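Notes to accompany the following structure.
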């Protein structure tokens, strides 16, 4: 039982920790990019809505039949405004989800650092030091 292949176990710990770190960081970046693109889309839609509102209000003020034009334009703005509010709610929910997921990924990153450190340290202290001694002795024998 003393000849167990612990070399592979230590390397597996170290590489598993690195994999956890890299995967978590990639997930955080992907989620933040998705949230940022949704936020940019919302701001674009808000700017379009604002421009549309200004245009329709200008139309209403120059129209001969001010009341009918104003009411039609306001109904259009109301529908567009409600769509904008729905998108804003989606953005808030996506932001909360992104932040929550990021909070859960941080302990995984910390665990990955711990696993990597322990794995490489055990591999070096329990195996590599002795392998270095063996290689050094073989190199000195050949001289």
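Observations, loosely collected:
- FRET efficiency for the residue 141 to residue 114 pair, using the beta carbon distance and R₀ = 41 Å, is estimated at 0.55.
- Cβ-based exposure ranking for 21, 85, in which fewest neighbours within 10 Å come first: 85, 21
- Inter-label distance, nm, simple model (7 Å from Cα along the C-beta direction), residue 124/residue 103: 3.6
- With R₀ set to 41 Å, the beta-carbon distance separating residue 86 from residue 23 gives a calculated FRET efficiency near 0.80.
- Inter-label distance, residue 48 to residue 132: 6.3 nm, where each label sits 7 Å from its Cα along the C-beta direction.
- Available extension along the chain between residue 93 and residue 32 is 20.6 nm, counting 0.36 nm per residue and deducting the alpha carbon span.
Where a number appears in this text, it was derived from the coordinates with a stated rule and is not lab data. As the structure is a prediction and not an experimental result, all values here were calculated from the model. Note: ideal-geometry Cβ built from the backbone for every residue, glycine included; neighbour counts use all protein chains shown.
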